[in-house]
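Structure first, commentary second.
Each value in this text was obtained by applying a stated rule to the coordinates, not by laboratory testing. A quick note: this is a predicted structure, and the numbers were derived from the prediction, not measured. Ideal geometry is used to build each Cβ from the backbone, glycine not excepted, and the neighbour counts take in all protein chains shown.
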Amino acid sequence: MSTKAATIVAGAILILSAGPLALGQQPTTTTQPTTTTQPTTTTVTQTPTTVTKTVQHPDGSYTVIEYPVGKEVKISLNPVTLKQSKGVATILRDDEGTKVILNVSDVPADVTAINLYAVDDTGAVTLLGPIEVANGAGTLTTTTPLSKFMLIASPEASLTAYDPNTKVFFRSAVPEGFAVVPLGSHGKRDGAPVGERVSATTTAGATPATSYKVPMLNIPGFRRGTDTEMKIKFSGAMTGARANVIITPRKDGPAEVKMRFHELTEAPAGQIYVVWAVSPDNKFVKLGQIVNAPGRNEAEIRSETALADFGLLVTTEEASGTSADPLGPAIGVVEIVK
């Protein structure tokens, strides 16, 4: 075989052998499962932050809050008329009542009489006591059964109403973190802060009992076994007369009430003057009476009552009257002695 022919034969053999090899080397196509990437949804739960804001009337005239049990609360007393003066109170409520510790400072020298009142969420006013002021400073520590109230300090010894016309030296502010308690109603009143806590019942007669305005004296705040002296300013037929009152809450429960009348010669003879204790739930308890005889100058009524808290009322009654409730005109207003 010639060299050329051999070359041709070798090339053919190479081509034929390469065919199966090429076929054996066809790429294998592997079908991979298609993975669809779903978007990840992340839910972010935001816990809202509750912020208790200080809320009060725009003019700050109503600032009643509820004091929590077992927590000491410090409140500022905003000066209303004594602009340069300062006041602060510490309130601590427990199962036995609410303790109030008050301090005022930088009080002008011509201010000697300051009385502290609690105004509750019905607008009723309760006298907490007088603040003794010396050298521009004064303190008072007392207790009250109230849990919802604001404080006002006034020169008036016996407020008959808390309204825009009330003379106020200081008024409690709403502390941070507290909200004002909505103003409620008391009896048939419309919910406006119209005055002190009034005990009254409707009684047939010339003067219906609902006309009496008798502030509670906050007897639970009195020290048991200790005399608390008060006084009465008389009006009407008793104008010119006077009386001293001593209330002694006894440790065994009842409170002793002594009322000694003076200058009765200034009052008409033949009149009957009756002293009543009036409870917060509108009950009248007759403590005693005197008949003003001609030429009589002094007289005394001594009695006791089991009422936990009460106010005192003096009325003029008919000699023939037999009613268990007062019917005549009120002639006495009770005040704490300073």
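What is the Rg over Rh value, at two decimals, for segment 209-336, using alpha-carbon atoms and the Kirkwood definition of Rh?
Ratio of gyration radius to Kirkwood radius for segment 209-336: 0.95.
All other residues whose Cβ lies under 9 angstrom from that of Val69 are scored, Lys and Arg at +1 and Asp and Glu at -1, for a net of 0. In this structure, the pairs whose alpha-carbon distance is over 21 Å, taken from Lys213/Lys286; Lys99/Lys286; Lys83/Lys213; Lys233/Lys283, are Lys99/Lys286; Lys83/Lys213; Lys233/Lys283.
Which FRET efficiency value, to the nearest 0.05, is calculated for Thr90 and His262 with the Förster distance at 45 angstrom and r the Cβ-Cβ distance? Efficiency, from the Cβ-Cβ distance: 0.70.
What does the net charge come to around Asp227 if you take all other residues with beta carbon closer than 12 Å to its beta carbon, with K and R at +1 and D and E at -1?
Working: positive: Arg223, Arg224, Arg250, Lys258; negative: Glu229, Glu256.
Here the charged neighbours net out to +2.
If Lys and Arg each add +1 and Asp and Glu each add -1, what is the summed charge of the other residues whose beta carbon sits under 15 Å from the beta carbon of Ala324?
On the way: positive: Lys283, Lys286; negative: Glu317, Glu318, Asp325.
That sum, taken over residues with Cβ under 15 Å, equals -1.
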